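Q: Below: one structure in structure tokens.
The values are calculated or read from the model by the stated rules, or taken from the named source; none is laboratory data. The structure presented is a predicted model; accordingly, all values stated were derived computationally and were not measured. In this analysis, Cβ positions are derived from the backbone assuming ideal geometry, glycine residues included, and neighbour counts consider all displayed protein chains. These accessible areas exclude ligands, DNA and RNA; they are computed on the full protein's heavy atoms, side chains included. Shrake-Rupley method; radii C 1.70, N 1.55, O 1.52, S 1.80 Å.
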Amino acid sequence: MVTIRQAFINDLQLIAGLSRQTFLDTFSEQNTAEDMRLYLENNFNGNAIADELADTNAVFLIAELKGNAVGYAKLLLNSPLPVNHGVIGLEISRIYCINAAIGTGVGQSLMNRSMDIARQNICDMMWLGVWERNERAIKFYLKNGFKKTGEHIFMLGNDQQNDWSMAKCM
């Protein structure tokens, strides 16, 4: 059974480790080692994660299976949609689980809890960005009612990549 709990500053090292592991698991085969190294160093170091945890609009969730942390989500409240100026919603900034936990319901449990938080905060929309080449994630988001609303650039190290913006009405 998957349990979801909110993370706090004392979970900093856990989140940093999960961030690095899940990002490598998901993207290392399709990207250069240098671009991955640059992205991980800049975004998943202790200082960067501490700043994110201190953000009053950020909510971090930890997914556990049998007491072990296997996934996480970073949500941003009051986040403007990139293609719908003026609309504010809940952004799923990150939602990942370790490879060994894929197919166990971790992703769906994190998504369900994210939707609960959106409803509790009276958000009209949820949105996210996903790499256009991440087919498994796109299928998951479509299954959960998200639709493509646009595209934007995501920098992975020195590589300019195309991400889809996807949104869902609540």
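Q: Cβ contacts < 7 Å: first residue farther than 23 Å from residue 118 by Cβ, restricted to segment 61-75; second residue part of a strand (DSSP E or B) and open to solvent by 20 Å² or more (accessible area, probe 1.4 Å), any location; separation 6+ or different chain. Result?
A: That search, which allows pairs on different chains as well, returns 65/2.
Q: Taking only segment 87-109 into account, find how many residues are in contact (Cβ under 8 Å) with a residue 60 or more places away in the chain, surrounded by fewer than 21 Cβ atoms within 10 Å (Cβ to Cβ) and hydroxyl-bearing (Ser, Thr, Tyr).
A: Number satisfying all stated conditions: 1.
Q: Which of the residues that make up segment 115-156 are part of a loop (DSSP other than H, G, I, E, B) and modelled with pLDDT of 95 or more? Can you show your working first?
A: The first filter runs over segment 115-156 and keeps only residues part of a loop (DSSP other than H, G, I, E, B), leaving 121-124, 132-134, 144-146.
The answer is 132, 133, 134, 144, 145, 146.
Q: Look at residue 26 and say whether it is farther than 24 Å from residue 133 by Cβ, of a type in the set (Ser, Thr, Tyr) and either open to solvent by 20 Å² or more (accessible area, probe 1.4 Å) or touching a Ser or Thr at 6+ places or on another chain (Cβ under 6 Å) (or both). Full working, then the answer.
A: Values: farther than 24 Å from residue 133 by Cβ: no; of a type in the set (Ser, Thr, Tyr): yes; either open to solvent by 20 Å² or more (accessible area, probe 1.4 Å) or touching a Ser or Thr at 6+ places or on another chain (Cβ under 6 Å) (or both): yes.
The answer is no for residue 26.
Q: A further question follows. Looking only at segment 98-108, decide whether some residue is touching a Cys at 6+ places or on another chain (Cβ under 6 Å) and over 24 Å from residue 154 (Cα atoms). Steps first, please.
A: Restricting attention to segment 98-108, the residues satisfying the condition of being touching a Cys at 6+ places or on another chain (Cβ under 6 Å) are 106-107.
Subset that is over 24 Å from residue 154 (Cα atoms): 106.
The answer is yes; a qualifying residue exists.
Q: Can you confirm whether residue 45 is over 20 Å from residue 162 (Cα atoms), open to solvent by 40 Å² or more (accessible area, probe 1.4 Å) and in contact with a helix residue (DSSP H, G or I) (Cβ under 9 Å, 6 or more places away or on another chain)? Break it down into steps so the answer makes sense when it comes.
A: Values: over 20 Å from residue 162 (Cα atoms): yes; open to solvent by 40 Å² or more (accessible area, probe 1.4 Å): yes; in contact with a helix residue (DSSP H, G or I) (Cβ under 9 Å, 6 or more places away or on another chain): yes.
Yes, satisfied.
Q: Residue check: is residue 71 more than 26 Å from residue 157 (Cβ to Cβ), outside any helix (DSSP H, G or I) and not basic (Lys, Arg)? Can you show your working first?
A: Values: more than 26 Å from residue 157 (Cβ to Cβ): no; outside any helix (DSSP H, G or I): yes; not basic (Lys, Arg): yes.
No.
Q: Of the residues 112, 84, which single one is open to solvent by 50 Å² or more (accessible area, probe 1.4 Å), at pLDDT below 95 and either outside any helix (DSSP H, G or I) or closer than 24 Å to residue 167 by Cβ (or both)?
A: Working: 112 fails: at pLDDT below 95.
It is 84.
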